[in-house]
Structure formats: structure tokens, C-alpha cells
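None of the figures in this text is laboratory data; all of them are computed from the coordinates on show. Here the structure is a predicted model, which means the values were calculated and not measured. Don't worry about glycine lacking a Cβ; one is built from the backbone with ideal geometry, like all the others, and counts go over all protein chains shown.
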Ligand code: MSP
């Protein structure tokens with residue numbers, strides 16, 4: 001039976017333009033989505049924009065626009081960026097859409113039915129920048145007397161009527177969840193942080209505001225709008241058609257994987273499961289958080305003028321090298337730095353040299369010495385076996401890695417094979433066999449073509465465009481590009497298109 005797989009990105013705030021940090025989580029989620037599709041799953045992949053809240057309301061006012069006009073244009077830009085990055089989402093949800101508003105209200109009502117929402121007054125420290133409340137004990141005081149949250153965001157004292165969610169009631173059930181489902185939170189560091197945060201005790205959570213209007217009205221009390229995180233988290237359900245449990249898409253719930261940045265892990269691993277428990281809705285399988293990007297060693301900020309729009313890099317280098325670098329540079333889950341020099345260095349060494357040259361050498365030898373047709377496979381020597389046996393295991397080894405979100409390890413696994421192929425071609429020297437043993441030359445080239453087919457197949461999720469080109473050059477048809485198709489060898493004798501370089505080299509000088 002086909003397995004359903006549901007993966008999500010965070011929905012992005014529309015109070016500023018999209019940048020490389022946003023592209024990052026989306027690329028990672030896209031890799032998982034494409035990988036599961038190649039493995040045969042029926043994947044639903046959701047992304048979108050988070051359009052309510054005081055911050056957006058203020059940003060719209062600053063821009064002199066209505067919140068709706070403002071969010072319409074920025075949401076369109078986020079969608080355009082997702083398209084440029086080749087994010088293969090199945091749906092793009094916007095929290096200002098009627099389907100979302102109705103679904104978020106239905107979730108609120110469901111939670112309220114369980115008796116876990118009560119009204120009171122909120123009084124405490126609120127950081128607008130984070131759209132989050134903080135306890136006195138979490139704050140530090142700057143020399144000028146201002147108080148800031150652990151994230152560095154300034155906080156202000158707020159007092160207003162509010163509805164509360166009985167988060168405190170869920171402490172034990174949450175700890176039990178982390179205990180019994182140890183993979184619920186990844187990576188390990190993030191899990192430990194969350195567990196100790198919850199162990200310290202949970203305060204009830206203010207989940208409505210009355211001081212601004214740009215939000216989802218609280219059902220039955222329109223003086224309140226929902227706290228933006230209650231509204232936002234519900235997107236993962238509303239996009240599936242919630243509360244209509246008979247909606248076909250609801251078959252994808254519970255989500256298999258929520259990919260998020262480390263700064264929003266707490267919302268996804270504490271608040272979200274607690275809301276779902278209160279509503280009696282099954283919990284997602286996993287929340288994995290990625291690290292943050294700096295640029296040339298500095299935090300990205302508008303004031304420094306170093307905010308990178310990934311589309312500029314794509315214009316210069318193409319989409320796949322950017323996707324590759326984002327995941328390759330640092331083990332997925334950790335923080336990373338984008339430096340032009342190391343970016344170009346990786347493209348040159350790993351893409352142009354290791355992979356590009358291997359393909360170019362193999363394909364041009366086939367073009368020149370085998371009349372441009374794929375040679376038949378010959379009897380395998382022990383060296384051939386040594387290369388092909390681990391190669392054939394690659395999809396299943398990577399499947400385990402992708403399930404753990406070890407997206408960088410999975411790439412490293414492919415590079416081991418690429419390096420082994422380069423050693424093999426040097427050692428077998430098919431160019432020399434041309435005169436001495438042309439049959440063996442053809443067999444060696446066929447072994448390499450088979451290994452390259454595996455490499456290009458498993459790398460499609462990371463570099464869809466260039467691997468499609470490589471698979472075309474290797475003579476595979478569209479329907480021969482899944483993991484299952486690898487079990488059937490390509491028939492010898494197929495004529496191959498003229499080989500063309502896929503990854504150019506760049507000069508490493510900084511611009
Ligand atoms: N709207 C919320 C998410 C709601 S999900 C139900 C939000 N939006 S955000 O636009 O501020 O951030 C979205 C994602 O971008 C987060 O996962 C965040 O970690 C990520 N990043 C923002 N800047 C980043 C970097 N510099 N580097 C890596 N990721 C970063 O939070």
C-alpha cells in the first residue's frame with residue numbers, strides 16, 4: 001500500500017522580504033518531500049505565509065498600505081521565491097484565506113469544548129518582535145535600563161483582557177510524549193532544551209489580544225483576535241480541510257514532519273502538541289529544527305545591508321548549486337555561515353570536479369568510443385562488484401538518513417560513491433583499454449554509467465534540475481527515475497544524447 005507522507009515548512013511572516021534563511025527550511029523540506037516521492041510515497045507538502053499579528057499590522061502602516069494589500073504583495077513574493085527555489089509544494093496556505101480563518105476558529109472551539117480556555121487578564125512582558133510572552137526570570141536588563149528577551153528582542157509590559165489556554169495542565173503529558181516518542185524532537189540539542197524547559201513548569205498561555213485588530217476573531221467574542229501563534233500553528237490542519245474530517249486531504253493527518261527553525265522549536269514542540277491534545281487530535285510524528293545562517297560571519301540584518309535574497313545567488317549560479325550548498329555546508333541542524341569564497345570553493349571541488357568531471361569523462365568516452373550508445377553490461381570483475389554492490393544499497397541507506405533529517409550525511413554518503421567512482425575510472429583507465437581490450441573498456445564504461453545512474457537518481461531531491469539533465473544524458477526516460485526503477489537495468493544499445501557539462505567552474509576570487 002502506498003504510504004502517505006505529510007511534510008511542512010513554517011509559514012513565513014510577511015512583515016519583510018524573503019531571504020536565504022526562509023529559503024533554507026523550504027529547501028530542506030522540499031528535499032524530504034522529493035525523496036519520499038521517489039521512494040514511492042504519496043506526499044503532501046505544505047508551505048505558506050503567516051499574515052496576521054501586530055508586527056504585520058505595523059509594517060503595513062509604515063508602508064502606507066492596508067494590511068491586506070500589504071500581505072497580498074509580500075505573500076506573492078514568498079511564493080515567487082519558493083518557485084525560484086523549485087520548492088515542489090502541493091499547497092501554499094495564507095492565514096488570511098477564509099478556509100484558514102474558519103479552520104482556526106473551529107480548532108479554537110474544539111479546544112474550548114475541552115474546558116482548556118478561560119478568560120482573564122494578561123499582564124506581563126511581551127516582545128513584539130518575537131510575538132511571544134516572556135517570564136520575568138527570562139529577561140535581562142540592558143545598561144540603559146531596557147529589558148530584553150533571551151532572543152535580544154525588547155519587551156514591553158502589557159495589561160489587557162485575554163483568553164488563556166491551560167498549558168500548565170499539559171506538562172506531564174508533554175514530558176511523557178518526549179519520553180515515549182524520543183524522535184518527536186530533533187536534533188538532540190533541541191530536544192534536551194525543550195525537555196528541560198517543560199520540566200521547569202509551564203504557565204498558562206495568553207492566546208488572545210485586544211490591543212489590535214489584524215487577526216482571526218475569537219469565536220463568540222469579537223473584541224479579541226487570536227494570538228498569532230494559535231492562528232499560525234493551526235495552518236497545518238486548516239490546509240488539509242480541517243474541521244471537515246471527511247475532506248480527502250485529512251487522510252494526511254497527522255503530519256509526519258514539521259521542519260522549523262531553531263527559534264520556533266518551542267512553539268511546535270510544546271504549544272502545538274498541547275493544543276492538539278486539548279482538541280483530541282493525533283500528534284505529528286516529528287518536529288526537526290534547523291540552525292541559523294550568518295553571512296560572511298555576521299548576523300543578517302537590514303541595518304548591515306547584508307540580507308541575502310537567494311534569488312540573486314540563483315541568477316548567478318543556478319538553483320541547484322544554491323540548494324546543494326545550503327544543505328552541504330554544515331550538518332543539517334547546526335548553524336552555518338554563507339561566505340562567497342566557501343560557496344564557490346564547494347561548487348568547484350564537489351560539483352564541478354568530483355561529480356561533473358566523473359559524468360563528463362564517462363559520457364564523453366561513451367560518445368567517442370562506443371558510438372554514443374549505452375554499452376551492454378559485461379561480466380562483473382571483483383572491482384566492478386566492489387563499486388556496484390554498495391551503490392545499489394545507497395537508496396535504502398539514505399532513506400534511513402532522510403528519516404532522521406540527516407540531510408548532510410545523506411549527501412556525504414553519495415560523495416563516498418562519487419569518490420569511489422573517480423578512483424575506479426583512474427584505476428581501470430578505460431581510455432587505455434580502447435586499444436588493448438575494447439570489450440572490457442565497454443564494460444567498464446557501463447559499470448560507470450550504472451553507478452552514475454544511481455548517483456543522479458538519489459541526488460534528484462537535492463538538485464532536481466541538473467540531475468534531470470544528467471539522467472537524460474544517461475539515457476533514462478522519465479518513468480525510469482524512481483528508486484524502484486533502479487531495480488531494472490537500462491537496456492544496452494540505447495543511443496545517448498551528446499554529453500554536455502553540467503557544473504561549470506568559477507573563479508574563487510571574492511567579488
Ligand atoms: N511565522 C512564524 C512561523 C509560524 S509556523 C506555524 C515565523 N516566521 S519567520 O518568517 O520569522 O521565520 C520563518 C522561518 O525562517 C523560521 O523557521 C526561522 O528559523 C527561519 N529563519 C529566519 N531567519 C533565519 C536565518 N538567518 N537562518 C536560518 N533560518 C532563519 O517564525
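Could you tell me the relative contact order of the chain? Use alpha-carbon pairs under 8 Å, at least six residues apart, and round to a whole percent.
16
Based on DSSP H runs of at least 4 residues, each adding -39500 (n - 2.57), what is the mean residue ellipticity at 222 nm of the chain after dividing by all its residues, to the nearest 500 deg cm²/dmol?
Taking each H run of at least 4 residues, the total per residue is -13500 deg cm²/dmol.
What is the distance in Å between the Cα centres of segment 40-116 and segment 423-437?
Using only Cα atoms to place each centre, the spacing works out to 57 Å.
To the nearest 10 degrees, how steep is helix 171-180 against the longest Cα principal axis of the chain, on a 0 to 90 scale?
Around 10 degrees separate the two axes.
Applying a 10 Å radius around every beta-carbon, put 211-224, 342-355, 294-307 in order of their mean neighbour count, most first.
342-355, 211-224, 294-307
Within the P(r) computed for the chain, what percentage of the Cα pairs occupies the region above 45 Å?
Above the 45 Å cut-off, the chain has 22 percent of its Cα pairs.
What angle do you read, to the nearest 10 degrees and between 0 and 90, between the alpha-carbon axis of helix 358-369 and the longest principal axis of the chain?
Taking Cα atoms only, the helix is inclined about 30 degrees.
For segment 371-511, calculate the relative contact order in percent as a whole number, restricting contacts to Cα pairs under 8 Å that are 6 or more residues apart.
This gives 36 percent for segment 371-511.
Arranged from highest to lowest average of other beta-carbon atoms within 10 Å per residue, in what order do the peptides 113-126, 445-458 appear?
445-458, 113-126
Zone of residue 427 (label point 7 Å along Cα→Cβ, backbone N under 19 Å): which residues in segment 379-398?
Inside the label zone: 379-394.
Using a 10 Å cut-off on Cβ atoms, rank the peptides 393-402, 263-272 from the highest mean neighbour count down.
263-272, 393-402
Tell me the angle of helix 98-113 to the major Cα principal axis of the chain, expressed in degrees between 0 and 90 and rounded to the nearest ten.
Value to nearest ten degrees: 60.
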